[in-house]
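Quick notes on the structure that follows.
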Amino acid sequence: MKELVYNGIDHLLKADLSLTKSSRWGLVTNDAALTLEGEPTRTALLKQGFNLQSLFSPEHGLSAQGVDGAAQDHQQDQLTGLLVYSLYGPGFGPKLDELDAICFDLPDIGVRFYTYIWTLSYLMEACYAQDKKLVVLDRINPLSGHLALAEGPMLNEAAASSFIGRWSIPIRHSLTVGELARYWQASRGMQGLDLEVIPCQGWQRDFFYPATGIPFVAPSPAINHPATLLTYPALCFMEGLNLNEGRGTPFPFQQFAAPWLEAYSLIAHLQQLSLPGIVFEPVAYTPFEGRYKGESCYGVFLKVTDPQMYCPVATGLAIIAILWQFYAHQVKEHPYPTHANPSGAGHLALLLGNPALVRHLQQQPDDVLRNLRQWTETGNWKEVVTPYLLY
């Protein structure tokens, strides 16, 4: 019989661990943070007797359905009556004056530019500065924790630090949020932080999302299907180019297109690369919102055939390089304004974490295609993080 996989919240509820429930607790969460039974973490903790005083929400708000990159307001939670302080609004770090301890329970999808982990980074700094206990309720990494599958480039902090990548980690990091917290505690000078990670149970590092048996819940509006977990790390780069990344269709981040793209020719070039674990199919659609709204677009749909072999970041770089190689007069960088980056300038460089790579893609795309492995190297990432692994 297959062993059940439990996220940290389920482990906490099942084991009734010895946390001081009467402390004045805060909770960073959203509606995508559920127990295995589908109950929101916040109500589960209240039923367990935790003295929850306030809630905090990340990008996309408490509902997890707020518009991408849009500032979120403070609000009152209709479910619990608690005040919800936005950590993607007036500021990115919480004020914890009236709390003794705070829990963090948000899903992650294993990719550097997904912002929930950076909300955790600000939370860690605030807890350290204000001497508050931090409990991270760990959740599985749906892209697996197989460190051999991690993909760079590593973030260049001096040139590309932002809210979609503050600190130097790979694009595909292969850690859980709890492991990231342990690593950052040690590597960012927060050894004195009172950090406790409630681990998952039954999860193994080679488990991709389907192996966990955990029901899929969309962690944000555009990650609306389990298949998107695999294609998002390849196609999020389209946000920084003048292409539609599938927003305004039922398949965001599973497909990309533009009015000027020649799908069959592009696919022919991609097929010549023999990229592992992925097939490309022609697609035509008219976005109902977003870039090229109401225009007929032509492009490519990504279908992952072997997650163990598929390298999403290398695939994304290959697509961009082919675009700049054969559509140099049409493909352009495109601003992507957000609350964290109001001008939207340099979005592609921030996603890649390496402005030099953007220049290389523009000027020498053929060289990038020949050296995809070199551009996605992670250095000694595995050795550096091994002491902080939980599984």
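Quick look at the values:
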| read-out | value |
| --- | --- |
| Cα-centred dipole magnitude for segment 186-273, charges only on beta-carbon of K, R (+1) and D, E (-1), debye, nearest 20 | 40 |
| Charge dipole (the chain, unit charges on Cβ, about Cα centre) - positive-most of 225, 244, 50 | 244 |
| Of all DSSP beta bridges in the chain, antiparallel share, percent nearest 5 | 50 |
| Unit charges on C-beta of K, R, D, E only; dipole of the chain, Debye | 280 |
| Antiparallel content of DSSP bridges confined to segment 52-142, in %, to 5 | 20 |
| Under the span-like rule (Cα at least 20 Å along the axis, Kyte-Doolittle mean at least 1.6), DSSP H helices of the chain | 312-326 |
| Proximal charge balance of residue 313 [Cβ under 13 Å; K/R count +1, D/E count -1] | +1 |
| For the chain, with +1 on Lys and Arg beta carbons and -1 on Asp and Glu, the positive-most of 20, 374, 234 along the dipole | 374 |
| Check: segment 226-375 dipole with +1 on Lys, Arg Cβ and -1 on Asp, Glu Cβ, in debye | 160 |
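Here, each number is a calculation from the coordinates, and none is a lab measurement. Here the structure is a predicted model, which means the values were calculated and not measured. FYI the Cβ positions are ideal-geometry reconstructions off the backbone, even for glycines, and counts take in every protein chain you see.
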